[in-house]
Amino acid sequence: MPSTTSPLTFDIKPSANPLPEADRLKAFESLGFGTLFSDHMAVIRWSEGKGWHSAEVTARAPFPIDPASSILHYAQEIFEGMKAYRTADGRAVLFRPEENARRFNESARRMAMPELPEADFLAAVEKLVRIDARWIPQGEGSSLYLRPFMFASETFLGVRPSREYIFCVIASPVGPYFKGGAKPVSIWVSQDYTRAAPGGTGAAKCGGNYAASLVAQAEAYGKGCDQVVFLDAAEHKWVEELGGMNVFFVMADGSLVTPPLGGTILPGITRKSLITLAHEEGITVEEKPYSFAEWKADVASGKLKEAFACGTAAVVAAIGMVKYPDGEFQISDGQTGPVTARLRDALIGIQRGQSNDRHGWLHTIAGV
Ligand SMILES: *Cc1c(COP(=O)(O)O)cnc(C)c1O
């Protein structure tokens, strides 16, 4: 598919009606997740023959969508989730944004969508953060959540890849992802639903995966749980991941176990970073299939000490309680265990610019 080779030039059109500063400060007093949005958005359009064009940063506004627009019928849509942080020394930073740009294109390939050059993806994100820098919250656990996404925008009902797409980045100042803050989460083991099958779209970050997970997530809420964990589709035996987070197990010998990537699990950047940090701390990490039966047995025997979920939104969240149709069990007495806490603090320390960024994971946005 044609794509631009030289970086695009963005037309910067500041909003005529930015939120008054007093209103923004008021809204910042009670940050939730994904309810409040900044003043602007970055947009790039793609059409067959022309490739990527019309890059701009403009006032956040609705897109006019034709009722026959292909996104509304066949769900060609992908997205990313990343955060801009304000460090103690006043920089605005992104965490490993090039990993998001790369994964975005992997998702695009799976969904038969055009790839966006990584430089253009990064430029769109950076330019949005630059114009909306006042929207980066400072408080502990707060950040400016960035949502790059792309959807099919051609007016056409035939079944084939769209010939037009819109790429967009929006920004939302957020507080902690879970209402309980840093408290351990409870999870429901879904028996009736699976998230991803071999050959399916499990490794792509596409809206369709989330649409399919919502009924299981609703069931989890109904059981009094915060999140759902999915087992594999083929054998209904192996633990895969949560609706939007990867999962790790901490064994009594101090080693970590996490399900292996391989098409049905989203390759999380938080997952990958934690594996690196664990290795540095001398912790062994095994990427291997782990069954729900083993999980249950290992908690009962004391072989498993902790479990946690991880992703950009919640960073690291201990799993304190696991429920399934026949019963439930607690992990770490329902507390955040020491290994989970250490890894979480190590990661957050780097993301917030408080500890040495020895891997060059932080990307400072110039001029903010
Ligand atoms: C985004 C996502 C994750 C976490 O990925 P990060 O890069 O760590 O944010 C995990 N699982 C699913 C299904 C996801 O969509």
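Things to note:
- Accessible area per residue in Å² at 1.4 Å probe, computed on segment 303-368: 43
- Each residue, Lys303 and Ala218, gets one label point 7 Å from its Cα in the Cβ direction; the gap between the two is 3.8 nm.
- Mean separation of Cα contacts under 8 Å, 6 or more apart, over the residue count of segment 170-258: relative contact order %: 27
- Segment 326-368 and segment 31-56 have Cα centres spaced 29 Å apart.
- Descending principal axes extents, segment 11-175, alpha-carbon based, whole Å: 49, 31, 28
- Between helix 292-301 and the chain: long-axis angle, C-alpha atoms, 0 to 90°, nearest 10: 50
- Considering only segment 185-351, percent of DSSP beta bridges that pair antiparallel, nearest 5: 65
- The residues of segment 11-175 expose on average 42 square angstrom of accessible surface per residue, using a 1.4 Å probe on protein heavy atoms.
- Tyr210 versus Thr155: modelled label distance in nm, points set 7 Å from Cα along the beta carbon direction: 2.7
- The Ile348 and Asp253 beta-carbon pair, evaluated with R₀ = 30 Å, returns a calculated FRET efficiency of approximately 0.75.
- Of Ala293, Ala197, Ala233, the residue with the greatest mean-square motion in the GNM of the chain, using alpha carbon springs below 10 Å, is Ala293.
- Ranked by solvent-accessible area (1.4 Å probe, protein heavy atoms only, all chains present), the residues His363, His279 order from largest to smallest as His279, His363.
- For the chain, the longest principal axis of the alpha carbon atoms and the long axis of helix 97-110 meet at an angle near 90°.
- The value obtained for segment 185-351, namely the Cα convex hull volume divided by the number of residues, is 103 Å³ per residue.
- With 18 Å as the limit on Cα-Cα distance, the pairs of Lys237/Lys323; Lys13/Lys127; Lys288/Lys323; Lys223/Lys305; Lys83/Lys288 that go past it are Lys288/Lys323; Lys223/Lys305; Lys83/Lys288.
- Crossing angle, helix 118-131 versus the chain [Cα axis fit, 0-90 degrees, rounded to tens]: 80
- Mean-square fluctuations from a GNM of the chain, with a 10 angstrom spring cutoff on Cα atoms, peak among Glu241, Glu280, Glu48 at Glu280.
- Accessible surface of the chain, 1.4 Å probe, proportion on carbon and sulfur as whole %: 52
- Mean separation of Cα contacts under 8 Å, 6 or more apart, over the residue count of segment 249-331: relative contact order %: 32
- Diffusion coefficient, µm² s⁻¹, Stokes-Einstein with Kirkwood Rh over alpha-carbon pairs of the chain at 10 °C and 1.306 mPa s: 74
- Helix-only [θ]222 nm of the chain, DSSP H runs n ≥ 4, -39500 (n - 2.57) each, per residue, nearest 500: -7500 deg cm²/dmol
The values are calculated or read from the model by the stated rules, or taken from the named source; none is laboratory data. Worth saying up front: this structure is predicted, and the values here are computed from it rather than measured. When we count neighbours, we look across all protein chains shown, and the Cβ atoms used for this are built from the backbone with ideal geometry, even at glycine. For the accessible areas, the whole protein counts, side chains as well, though only heavy atoms, and no ligand, DNA or RNA atoms are used. Shrake-Rupley method; radii C 1.70, N 1.55, O 1.52, S 1.80 Å.
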